[in-house]
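So the structure is just underneath, and the comments pick up after that.
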Amino acid sequence: MNLLSGVLDFLFPPRCPICSAYVSERGGWCKECLRSASDTRRLPMDVETISVLDEVWALGKYHDGLRPLLVPLKFHGKRDRLPYLHTFLESTGNRNVNILMQVSTAVPVPLHEEREKARGFNQTELIFREWALSKGMSWQRALVRSRSTTPQFGLGADERIKNLSGAFCLSECADVRGKCLLLVDDICTTGTTLRECAKVLRKGGAEKIFGLVLSSDRS
């Protein structure tokens, strides 16, 4: 521990991001909150989604778990939430051993260029990139959101499908043919976004596509 971090820990002791209990290091969680927010599970898929995605997994809960971290990051640029999300991902993301042994490349769900410029980042990339690289995957921005879309929040199922239909395409540098991909996103609500992205990757020749999201309220 260097002098600066020691002073910071003395003046501002690290706390759990959910209950504010004292923890041993910055980015740490108390055991109870980490256990409560964690819920690694395979998500149900409809027939259309099964045709393009081999499996979809969520690592945690949204409203009863990660929402207090994801909302400030996505909509208010609070990057200080990232260490907590990285700790959560490292704690839960290794449970899908069979999938991790198969995939060679991680692909993030993209933002539209204008939205990413306004936000300053793609939160999915900030959350997952270093973790994926540490697991031996390559990181590829294989998808582009080719047109601006209405935020999915608040839209009904049919509206979500219409909103995202044809909204994604392969990037110029995409190299997915014959590969087993891990399609990653921060949250899965209905699965529409993952499905539309997977359709494009399948057409590009991907052999297998697994979806992995940090949070979801689906079960």
GNM result for the chain, Cα springs below 10 Å: residue of I127, I18, I187 fluctuating most strongly: I18
Selected from G136, L212, P83, residue furthest toward positive end of dipole (region 40-216; charges at beta carbon): P83
Estimated inter-spin distance, E90 and E25, nm [label 7 Å along Cα→Cβ]: 0.5
Leading residue at positive end of dipole, region 66-219 (Cβ point charges), from N98, S148, G166: G166
Out-of-range pairs (alpha-carbon distance over 23 Å; input K117/K203; K162/K208; K61/K208; K31/K61): K117/K203; K162/K208; K61/K208
Per-q log10 I(q)/I(0), region 57-156, q = 0.21, 0.22 Å⁻¹ (Debye; single scatterer per alpha-carbon; no solvent): -1.31, -1.38
Computed over region 159-216: relative contact order in percent, which uses C-alpha pairs under 8 Å that are six or more apart: 47
Tilt relative to the chain, helix 123-134 - C-alpha long axis, 0 to 90 degrees, to 10: 80
Full-stretch length increase - N98, R41 - with 0.36 nm per residue and alpha-carbon distance subtracted: 19.2 nm
At R0 = 45 Å, FRET efficiency that the Cβ-Cβ distance of S51 and H76 yields, to 0.05: 0.75
Dipole moment magnitude, nearest 20 debye, region 40-216 about Cα centre, only Lys, Arg, Asp, Glu C-beta charged: 120
Most positive-pole-ward Cα, N122, G60, A198, against dipole of region 40-216 from beta carbon charges: N122
Antiparallel DSSP beta bridges within the chain, as percent of all bridges there, nearest 5: 25
Radius of gyration and maximum dimension Dmax of region 40-216, Cα, Å: 15.0, 39
The chain: most fluctuating residue of F75, F88, F128 per GNM, C-alpha cutoff 10 Å: F75
Among P17, P68, P110: highest mean-square fluctuation, GNM of the chain, C-alpha pairs under 10 Å: P68
Potential extension, K203-R115 segment - 0.36 nm per residue separation minus Cα distance: 29.1 nm
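Bear in mind that the values in this text are calculations on the coordinates, not laboratory data. Remember, predicted model here, so these are calculated numbers, not experimental data. Don't worry about glycine lacking a Cβ; one is built from the backbone with ideal geometry, like all the others, and counts go over all protein chains shown.
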